[in-house]
Amino acid sequence: MSPFAQNFNVVVSLFGILAQVVTLLLLASLIFKKDWYVNRVAKRYSIILAFLTALFGTVFSLVYSDVIGFAPCTLCYVQRFFLYPQVAVLGVLLFRESILARKIALGLSSIGGGIALYHYYGQMFNVGALACDIGADGISVCGQIPFIEFGYMTIPMLSLTSFILVIALLLPKRK
């Protein structure tokens, strides 16, 4: 693996961990009905943050496939199918409040997050469970792990993190 790819993995994984911490804080503030600073920021900038999350997820996935050269598996393509349109849908929300656009983004994130969770589970715990392409070696292509950072951060985990963060930002209607 090239030094660029190694450094990119670490940087993207650190962003993933930051996104997971923010997501946990947002969900905890909703559950415990606390008005923490992160919740006040999310109230003010939720659409922008959700848009940036989808945009960065899209750009990062394209860097992995087109610059670094990780060939996306079938499940990665399906996750992209649910992530990429969110850039446009959330872009609409930046300029105009639309209940339909919000519901579309939540639906795309929910389905994409479910697929990412399935992919991550199969990748980490039960490769045989993945309904995906089987490589020449008899191993599921979707079960291969091109990189793992901090003991758990893989491409499907980054995808799952993005989807859940978008849901956490959009779920409560914030002004």
(message) Of everything in the stretch 105-126, what is buried (at least 16 other Cβ atoms within 10 Å of the Cβ) and under 22 Å from F147 (Cβ atoms)? Give them in sequence order.
(response) G112, G113, I115, A116, L117, Y118, H119, Y120, G122, Q123
(request) Please go through the stretch 127-154 and pick out each residue that is crowded, with 20+ Cβ neighbours inside 10 Å, at pLDDT 70 or above and in a loop (DSSP other than H, G, I, E, B). (result) T154
(message) Can you tell me how many residues within the stretch 55-83 are in contact with a Leu (Cβ under 6 Å, 6 or more places away or on another chain) and of a type in the set (F, W, Y)?
(response) 1
(request) Output yes when any residue across the stretch 26-45 is closer than 30 Å to G143 by Cα and without any contact (Cβ under 8 Å) to a residue 24 or more places away in the chain, and no when none is. (result) no
(message) For the condition under 27 Å from V11 (Cα atoms), among the β-branched types (V, I, T) and surrounded by fewer than 16 Cβ atoms within 10 Å (Cβ to Cβ), what is the one hit in V41, V78?
(response) V41
(request) Within the stretch 11-22, identify whether any single residue is closer than 21 Å to Y152 by Cα, among the small types (G, A, S) and without any contact (Cβ under 8 Å) to a residue 12 or more places away in the chain, and answer yes or no. (result) no
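What is the residue count in the stretch 30-60 for residues that are out of contact with any helix residue (DSSP H, G or I) (no Cβ under 6 Å at 6 or more places or on another chain), in a helix (DSSP H, G or I) and of a type outside the set (A, V, I, L, M, F, W, C)?
Within the stretch 30-60, residues that are out of contact with any helix residue (DSSP H, G or I) (no Cβ under 6 Å at 6 or more places or on another chain), in a helix (DSSP H, G or I) and of a type outside the set (A, V, I, L, M, F, W, C) number 5.
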(message) Can you say whether A71 is crowded, with 18+ Cβ neighbours inside 10 Å and among the small types (G, A, S), as far as the supplied structure shows?
(response) no
(message) Just to be sure before I move on: is R80 out of contact with any helix residue (DSSP H, G or I) (no Cβ under 9 Å at 6 or more places or on another chain), farther than 21 Å from V22 by Cα and basic (K, R) in the structure I sent?
(response) no
(request) Check off (1) outside any helix (DSSP H, G or I); (2) modelled with pLDDT of 85 or more; (3) among the hydrophobic types (A, V, I, L, M, F, W, C) for L27 and give me the number that stays unchecked. (result) (1)
(message) So in the stretch 84-104, with the set limited to residues that are surrounded by fewer than 17 Cβ atoms within 10 Å (Cβ to Cβ) and of a type in the set (A, V, I, L, M, F, W, C), which one is nearest to L171 (Cα to Cα)?
(response) I99
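The values are calculated or read from the model by the stated rules, or taken from the named source; none is laboratory data. These numbers come from a predicted model, not from an experiment. Ideal geometry is used to build each Cβ from the backbone, glycine not excepted, and the neighbour counts take in all protein chains shown.
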